[in-house]
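One structure below.
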Amino acid sequence: MEGEDEPSGRMIDDEIYTNGVGEEEKRTRPIISGEQLDVEAYAGLYTGRTKITRLLFIADHCENNQTMQLEALRMAYDEIKKGENTQRFRDVVQKIDGRLGPSYGMDAAWCDTVDRRAEQKKEKLENELNAYRTNLIKESIRMGYNDFGDFYYAHGHLGDAFKSYVRTRDYCTTSKHIIHMCMNAILVSIEMGQFTHVTSYVSKAEQSPDSLDPVTVAKLRCAAGLAHLEAKKYKLAARKFLETGPELGNHYNEVIAPQDVATYGGLCALASFDRSELKHKVIDNLNFRNFLELVPEVRELINDFYSSRYASCLDYLGNLKANLLLDIHLHDHVETLYDQIRHKALIQYTHPFVSVDLRMMANAFKTSVSGLEKELEALIADNQIQARIDSHNKILYARHADQRNATFQRVLQTGTEFDRDVRSMLLRANLIKHDFNLRASRKQ
């Protein structure tokens, strides 16, 4: 490292810090507060089985907050009684354990009535399906299996529901029937956590593009995004969520809300995209901007990250974390995504500079100098940052490649390739001259 380069690098560092992170204190835009999740508003975004599943997930993961837990259980109890899943009702009553009073206790009469009605309905469906099979009417058989799938799904027998929906495949006569079968299979597979099935049936549905309306296309993008997210393929997940059209609206609330598209897509993009991709595919994406408007916190943290306002960006992430850990699809990935975003921020901060003052950098990232040193050491060891640390003076020095040596190496490589190509041409010319070439025999 040349001594004359160091002051200029430090000066640039100071200037960037002043214009970027230091400016944060001058801005009046408020940072979101780490408010407790509004369970009622959150549950209102969803319908059907996923609404209950998300409420129970919140109840299971906020044991330290009894008020939120009981609120989630109360809403789950009320929602379940609108349906026909008696087993899930019994599970919720057991979790409530009398803490909500007699109004939220075991209702044996309701369970018996629902179970008895279910037996009668199942018998009726079996008789109808047998009659359809006897008459060999394909459309009726398909509808019969669909009805069975709906019946099993409503009662919480997801495995049987999946089998019934998939059996309609042999009786589908149009591409719309195939798509309907795929959408049902995807819905149940997401509920079961079988995301390999989700990927498979998304691909199958996309094989009939002429029969796909914009809403269905948006649903398939979301389903594929969830499958990639579960597989920890964050870049692919981000692409799928970013490709989701505004037609989605509230049409897929039995699986995902538009706010989730913004959150999942935004965080996955931050963790996996480079600066140019973040600019063109996220910030300048008009369709995705509609989703981001629903979650201003995610929109602002993306803009802060791109504008190198890292302290503000990390503040947003910190405030969002508690609620993201209560998300049924994202909770397993929060730590990984946060680590990747933070590492990218560290790399992006150091990239333009010849040298960086670690004290100033620690201040920008709101961490201690020793903690920052350990993070940078790990990134240097992983070859993600080309630099070395002066621990005594607390300065990070960039390791720039030897451009002169690299140029000589490229010239030598070009010369070697040219020599090889010329020798090959001379050899071929001599073979042709002396008629040593072999002609391929023509096929009769």
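For Arg221, the solvent-accessible surface computed with a 1.4 Å probe is close to 60 Å², ligands and nucleic acids excluded.
What the Cα atoms of region 119-235 give is an Rg and a Dmax of 15.2, 50 Å.
Label-to-label distance, Ala231 versus Thr336, with points set 7 angstrom from Cα along the beta-carbon direction: 1.2 nm. At a probe radius of 1.4 angstrom, the accessible area of the chain per residue rounds to 54 square angstrom.
Give me the tail of P(r) for region 272-415 as a percent: Cα-Cα pairs with distance above 26 Å. Summing the P(r) of region 272-415 above 26 Å gives 38 percent of all pairs. Segment Arg169..Ile328, full-extension length gain: 54.2 nm, with 0.36 nm per residue of separation and the alpha-carbon distance subtracted.
Classify the chain as rounded, prolate or oblate, taking a ≥ b ≥ c as the square roots of the eigenvalues of its Cα gyration tensor: rounded when a/c is under 1.5, otherwise prolate if a/b is larger than b/c and oblate if not. Taking the square roots of the gyration eigenvalues as a ≥ b ≥ c, the chain is oblate. Split the accessible area of region 45-145 by element, probe 1.4 Å, and carbon with sulfur accounts for 47%. Could you check how much of the accessible area of region 151-204 is carbon and sulfur, as a whole percent, using a 1.4 Å probe? Here it works out to 49 percent. A dipole drawn for the chain from +1 and -1 charges on Cβ atoms has a positive end, and of Val93, Ala378, Met425 the residue lying farthest that way is Met425. Annotation: amide H of Phe273 has no partner in the under-5 Å range at sequence separation 5 or more or interchain, hydrogens built in the peptide plane. Among the aspartates and glutamates, which fall within straight-line cross-link reach of Lys433, defined as a Cα-Cα distance under 17 Å, with same-chain neighbours fewer than 8 residues apart omitted? The qualifying aspartates and glutamates are none; the list is empty.
The Cβ shell under 15 Å around Val215 holds other residues with a net charge of -2, Lys and Arg each +1, Asp and Glu each -1.
The values are calculated or read from the model by the stated rules, or taken from the named source; none is laboratory data. These figures come from a predicted structure and were not determined experimentally. Methodologically, a virtual Cβ is constructed for each residue, glycine included, from the backbone with ideal geometry; neighbour enumeration extends over all protein chains shown. For the accessible areas, the whole protein counts, side chains as well, though only heavy atoms, and no ligand, DNA or RNA atoms are used. Shrake-Rupley method; radii C 1.70, N 1.55, O 1.52, S 1.80 Å.
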